[in-house]
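Student: Can you keep this structure in mind? I'll have questions shortly.
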DNA sequence: GCGACAG
DNA sequence: ATCTTGTCGC
């Protein structure tokens, strides 16, 4: 795996990297079993260059946490819409490398191919790590969609440049939908299928929601840096 | 030029 | 993303 040092990149160089990595994205129906699904997210204090990254592993389809990895890192690349990966992927990759075991599918907080250059953070991470990923975002970055029916489970296509790049998925009755899209080694139908099975009682699908809680607890000092296999805790 | 703009 | 109180609706 290449060293991920994006801190000194200019946006023009980052665009070039996205255009090159794009050639490696594989969008296709899921063709592997899922026993472990994971959620990845970042947390940080406003105006700080320290980011708290984490990945949480969940047994699938039970959605009970079985392990996690969290790490703190300094990041200089700024948040620029369309270039989120250059700010968050390096830290997420460190957390990923330290996991007690790798998941069958990773749900990244942000978009996959529902991106101006088809290289949202989920696609970027999937290609660099060589692992199946999907993106789950709370807001649209690009593309058009019609409001899905207000009942949980409803979804409508997210279209960008005449192409279906993802879906608006209603995860809770009468609550704003989330936007899901394939990252790597997945396609739109497979993404909708799996994320639909990750819906609990909240707006955010369990992998994303638990990853968000994890990195927030880490940032607030409620848990310490490192990794844990929750299946073998001392008793 | 104008509006939009993941986290 | 983070901060932050009350308020509306199922």
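The values are calculated or read from the model by the stated rules, or taken from the named source; none is laboratory data. Predicted model, so just to flag it, every value in this text is computed and none were measured. Virtual Cβ from ideal backbone geometry, glycine too; neighbours counted across all protein chains shown.
Student: With A:108, A:127 as the choices, which residue is touching a residue at least 40 places away in the same chain (Cβ under 8 Å), under 14 Å from residue A:55 (Cα atoms) and surrounded by 16 or more Cβ atoms within 10 Å (Cβ to Cβ)?
Tutor: Details: A:127 fails: under 14 Å from residue A:55 (Cα atoms).
Every option except A:108 fails the conditions.
Student: Related question: Taking residue A:122, is it farther than 17 Å from residue A:187 by Cβ, within 16 Å of DNA strand C (Cβ to nearest atom) and either touching a strand residue (DSSP E or B) at 6+ places or on another chain (Cβ under 8 Å) or in a helix (DSSP H, G or I) (or both)?
Tutor: Values: farther than 17 Å from residue A:187 by Cβ: no; within 16 Å of DNA strand C (Cβ to nearest atom): yes; either touching a strand residue (DSSP E or B) at 6+ places or on another chain (Cβ under 8 Å) or in a helix (DSSP H, G or I) (or both): yes.
So residue A:122 does not fit the description; no.
Student: Looking at A:183, A:200, A:153 in this structure, which one is crowded, with 22+ Cβ neighbours inside 10 Å and in contact with a helix residue (DSSP H, G or I) (Cβ under 7 Å, 6 or more places away or on another chain)?
Tutor: Working: A:200 fails: crowded, with 22+ Cβ neighbours inside 10 Å; A:153 fails: crowded, with 22+ Cβ neighbours inside 10 Å.
Going through A:183, A:200, A:153 in turn, the sole match is A:183.
Student: Would you check if there is a residue in the stretch A:65-81 being within 18 Å of the chain's Cα centre (by Cα), outside any strand (DSSP E or B) and without any contact (Cβ under 8 Å) to a residue 12 or more places away in the chain?
Tutor: yes
Student: If I filter the stretch A:174-202 down to residues being within 13 Å of DNA strand B (Cβ to nearest atom) and free of Cβ contacts under 8 Å to residues at least 40 places away in the same chain, which single residue comes out as farthest from residue A:68 (Cα to Cα)?
Tutor: The selected residue is A:176.
Student: Okay, moving on. Answer yes or no as to whether residue A:82 is touching a helix residue (DSSP H, G or I) at 6+ places or on another chain (Cβ under 7 Å), under 22 Å from residue A:139 (Cα atoms) and within 16 Å of DNA strand C (Cβ to nearest atom).
Tutor: For residue A:82, the condition - touching a helix residue (DSSP H, G or I) at 6+ places or on another chain (Cβ under 7 Å), under 22 Å from residue A:139 (Cα atoms) and within 16 Å of DNA strand C (Cβ to nearest atom) - is not met.
Student: Keeping to the stretch A:206-223, report how many residues are assigned to a loop (DSSP other than H, G, I, E, B) and in contact (Cβ under 8 Å) with a residue 60 or more places away in the chain.
Tutor: From the stretch A:206-223, those assigned to a loop (DSSP other than H, G, I, E, B) are A:220-223; that's our starting set.
Then drop every residue that is not in contact (Cβ under 8 Å) with a residue 60 or more places away in the chain, which leaves A:223.
Residues that pass the stated criteria total 1.
Conditions tested, residue by residue: (1) in contact with a helix residue (DSSP H, G or I) (Cβ under 6 Å, 6 or more places away or on another chain); (2) within 18 Å of residue A:108 (Cα to Cα).
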residue: A:8; (1), (2): no, no
residue: A:20; (1), (2): no, no
residue: A:47; (1), (2): no, no
residue: A:55; (1), (2): yes, yes
residue: A:59; (1), (2): no, yes
residue: A:63; (1), (2): yes, yes
residue: A:74; (1), (2): no, no
residue: A:77; (1), (2): yes, no
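Student: Would it be correct to say that residue A:190 is at pLDDT 95 or above, surrounded by 19 or more Cβ atoms within 10 Å (Cβ to Cβ), more than 15 Å from the chain's Cα centre (by Cα) and more than 16 Å from DNA strand C (Cβ to nearest atom)? Don't jump to the end; show me each part of the working.
Tutor: On the way: at pLDDT 95 or above: yes; surrounded by 19 or more Cβ atoms within 10 Å (Cβ to Cβ): yes; more than 15 Å from the chain's Cα centre (by Cα): yes; more than 16 Å from DNA strand C (Cβ to nearest atom): yes.
So residue A:190 fits the description; yes.
Student: Turning to a different aspect of this structure: Within the stretch A:82-101, track down each residue that is in contact (Cβ under 8 Å) with a residue 60 or more places away in the chain, under 15 Å from the mean Cα position of the chain (by Cα) and part of a loop (DSSP other than H, G, I, E, B).
Tutor: Answer for the stretch A:82-101, where residues must be in contact (Cβ under 8 Å) with a residue 60 or more places away in the chain, under 15 Å from the mean Cα position of the chain (by Cα) and part of a loop (DSSP other than H, G, I, E, B): just A:83.
Student: Conditions: (1) more than 12 Å from DNA strand B (Cβ to nearest atom); (2) closer than 20 Å to residue A:28 by Cα. Residue A:148 meets all but one. Number of the miss?
Tutor: Of the numbered conditions (1) more than 12 Å from DNA strand B (Cβ to nearest atom); (2) closer than 20 Å to residue A:28 by Cα, the odd one out for residue A:148 is (2).
Conditions (1) closer than 13 Å to residue A:44 by Cα; (2) out of contact with any strand residue (DSSP E or B) (no Cβ under 9 Å at 6 or more places or on another chain), marked per residue:
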{"site": "A:73", "(1), (2)": "yes, no"}
{"site": "A:79", "(1), (2)": "yes, yes"}
{"site": "A:82", "(1), (2)": "no, yes"}
{"site": "A:87", "(1), (2)": "yes, no"}
{"site": "A:90", "(1), (2)": "no, no"}
{"site": "A:97", "(1), (2)": "no, no"}
{"site": "A:103", "(1), (2)": "no, no"}
